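Report on the following structure.
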Amino acid sequence: MTESSEELRRRAPDPTSGAAVVIGGGITGLAAALVLSARFARVTILERDLEPDAATPREAFDVWRRRGAVQVRHSHAFLGRLRNLLRDRHPDLLAALVDAGARELRMLDFPPVTLGPVPPEPGDDDLVMLGCRRITFEWVLRRYLRARANVDIVAGALVDGLVAEPGDPPRVTGVRFRVDGDARELTAAIVVDASGRQSPAPRWLEEIGARAPREETDPSGIVYYTRFYRLRPGAEEPAPDRHPGAADYNWIKFAIFPTDDRTFSITLAAPLAFPEMKVLARTAAFDEVARSLPAVARWIDPARAEPIGDPERPVQAMGGLINRLRRFCDERGPLALGLFALGDAAYCTNPLYGRGCAQGFLHAEMLGEALDRHGADLAAAARALDAAARREIEPFYRASVIADREAVRKAEGRRSRSWRARLAQRFFEDGVAVATRCDPVVYRAFVRMMNMLETPEVAFGRRSVVLRSLRVWMRGRRRNRAYAIPDGPDRAEVLARCERALARET
C-alpha cells in the first residue's frame, strides 16, 4: 500500500542536518555540490575519473582525459542563463572564471552585419555568454569547491548502486561504490544522480524495488567533430562579415566558439543521412571541409591560428547523440524518496544547441529552492523540482526534439506530410529566420531564446515578433535575398577535395 504524505514526512529526516552524496563530478554534479554545500553539513562527490595535477587551465587542457565525459574536448556554450545565475548567486565563482580567462561575450555587440547596430533596451545586460573551454570551466569550479571545508571529491569512485529502506516508495539512504576495488558505502540524507546521459538510474531503481521512470528517446541524427586552435602571437580574431559564425547547410552544420587563453574551437556536425561524412574524423578531411566554409576559413588561416589539442586525436568525434527525457516523479509522487536526478540524467538534449551546462546549473538551483521550501518533506521537494523542470527546462527539450526531427527530414530529402507542417516550415525559414538578420525585435527574441532566458513559445509567440516575422515573410524571397545567409559550398565538390587530401595524406 502506498504510504500517506504524513507517513512519508515522518520517514524523512531533516536533510540539512546530515550529508548529501552527488554521483558524478561533471558540470552538473559540481553545480549540485555548490548548491548543496550551503544547505548540508557535508557533501561528497563521487567521480569515476581521476584528476590530473595541473596548475593551470592550459596544463589541464593538455593532460586531462575524461573517459566518463568525452564531451569535455568538444565545443561548449555557457549561455546567458548560466552566466546570469553565477552573477546573481555566485559572483565570486564568476570572478574566478573571468580571472582564469573566460570571456564575457555580449551578443548584441556583434549582431548580423545585415542588421546593423541594435538599439539598447533594459535587460540587455542579461544577454551575455561566457566564452570558455569546458575543461577550464570545470578546473576552476573544482578548485572553487575544494576551498569549501564541507565538500569532498572522491576520484576513481565507481558507483554500484543505491542503499535504500524498503517501502512504497523506497527511501534512499546512501550509495554503494568502489575505489581501487575496495567496496564502500556512504550514508546520505539525499543522493543526487548527476552521472550524465549514461546514467544507470533505471537499473538502480529496479534494484531497490522502485517504480521505473517514464522515458522517451529521440535520435539527434548527427555526429559531432571538433578541433581546437590557438591564435598566433599578434593575431586577432576576424571581424564579423556576412558569413555567420554558425550555420546549417543541410549536409553540414558548423559553429565557431571563441574561448579562453586565445583559443577557439570549430565544431562540424554531419547528418547521419550522409554516412560519407564520417571522413571528418580524419584530420585532412576535417581541414578541407573547414577551409570550404568561408566563415571558418578566416579563423583557421595558418597565418592567424594553429591547431592545439590531443596530437593522437586532433579531431574529436562524438556520436550516439540523443534527446531523452526521464521522469522521476509520476502521478503517485517520487519513484524513490531522497533521490534527485539532475541535468542529462533527467533531460538530455542534442549538444548542438549548447544548453547542457546551463541546464545542469539551473536544475541544481531548482533543487536547492525545492529543499528550501519543503525541508524534511522530500516527497514535496521532489514534486516541486519536477514541476519547476517541466516549466523551465522541458520546453527546450521539446524544441530540441522538434528541430532535430525537422533536420533529419530535410537531410533525408523527405517532404513534410501535411500542408500545415509545410506552411509552418515556410514561415520559419522565410519569415522568422530571415527576420533575425534584419529586424532588431526578432533578433533580440532569438538571442533571449538561445540563451534560455525565454522559452521558444514565449520568445517567438510574442505578438510583435509574430507580426514582424510575418511582414518579412510576405515581402518574398526575392526582396529578402539581401538578408539571407550566403549559400554554402557544394557537397560533392568538397567531398572530392577531401578524397584528394586523404590520398595525399596516405
Checklist entry - If Pro52 satisfies every condition in (1) surrounded by fewer than 17 Cβ atoms within 10 Å (Cβ to Cβ); (2) assigned to a helix (DSSP H, G or I); (3) not β-branched (Val, Ile, Thr) but one, which is the exception? => result (2)
Next on the checklist: Conditions first: (1) in a strand (DSSP E or B); (2) over 24 Å from Ala77 (Cα atoms). Tyr224 passes all but one, so which condition is the exception?
Outcome noted: (2)
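Here's the yes/no breakdown for (1) under 30 Å from Ala285 (Cβ atoms); (2) free of Cβ contacts under 8 Å to residues at least 40 places away in the same chain; (3) in contact with a Cys (Cβ under 6 Å, 6 or more places away or on another chain):
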| residue | (1), (2), (3) |
| --- | --- |
| Ala424 | no, yes, no |
| Phe427 | no, no, no |
| Arg437 | no, no, no |
| Ala459 | no, yes, no |
| Val465 | no, yes, no |
| Arg471 | no, yes, no |
| Pro489 | yes, no, no |
| Arg497 | yes, no, no |
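Take segment 271-283 and flag every residue that is crowded, with 20+ Cβ neighbours inside 10 Å and in contact with an Asp or Glu (Cβ under 9 Å, 6 or more places away or on another chain). Reasoning before the result, please.
Step one: list which residues in segment 271-283 are crowded, with 20+ Cβ neighbours inside 10 Å, which gives 271, 277, 280.
Correct list: Pro271 only.
Among Pro307, Pro311, which is the only one that is out of contact with any Phe, Trp or Tyr (no Cβ under 7 Å at 6 or more places or on another chain) and not in a helix (DSSP H, G or I)? Before you say what the answer is, go through the steps one by one.
On the way: Pro307 fails: out of contact with any Phe, Trp or Tyr (no Cβ under 7 Å at 6 or more places or on another chain).
Answer to the check: Pro311.
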Item to check | Tally of residues being within 19 Å of Ile222 (Cα to Cα), free of Cβ contacts under 8 Å to residues at least 40 places away in the same chain and assigned to a loop (DSSP other than H, G, I, E, B) across segment 265-304 | outcome: 0
Checklist entry - Name the pairs whose Cβ atoms lie under 6 Å apart, with the first residue in segment 393-407 and closer than 10 Å to Cys348 by Cα, the second crowded, with 19+ Cβ neighbours inside 10 Å and among the hydrophobic types (A, V, I, L, M, F, W, C), and 6 or more positions between them or separate chains? => result Tyr397/Leu325
Checklist outcome for this item: Over segment 250-262, the set of residues buried (at least 23 other Cβ atoms within 10 Å of the Cβ) and either of a type in the set (S, T, N, Q) or not assigned by TED's automatic domain parsing to the domain that holds Thr226 (or both) is Thr259
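Can you spot a residue in segment 332-341 that is closer than 26 Å to Ile208 by Cβ and surrounded by fewer than 17 Cβ atoms within 10 Å (Cβ to Cβ)?
Checked against the condition, which is being closer than 26 Å to Ile208 by Cβ and surrounded by fewer than 17 Cβ atoms within 10 Å (Cβ to Cβ), segment 332-341 yields at least one hit.
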Checklist outcome for this item: (1) touching a residue at least 60 places away in the same chain (Cβ under 8 Å); (2) assigned to a helix (DSSP H, G or I); (3) surrounded by fewer than 24 Cβ atoms within 10 Å (Cβ to Cβ) all hold for Arg324 apart from (2)
Next on the checklist: Which count do you get for residues in segment 425-472 that are in contact with a helix residue (DSSP H, G or I) (Cβ under 7 Å, 6 or more places away or on another chain), over 28 Å from Leu362 (Cα atoms), hydrophobic (A, V, I, L, M, F, W, C) and surrounded by fewer than 20 Cβ atoms within 10 Å (Cβ to Cβ)?
Outcome noted: 3
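The values are calculated or read from the model by the stated rules, or taken from the named source; none is laboratory data. In this text the structure is predicted, and so the values were computed from the model without any measurement. All Cβ positions, glycine included, derive from the backbone under ideal geometry; neighbour counts span all protein chains shown.
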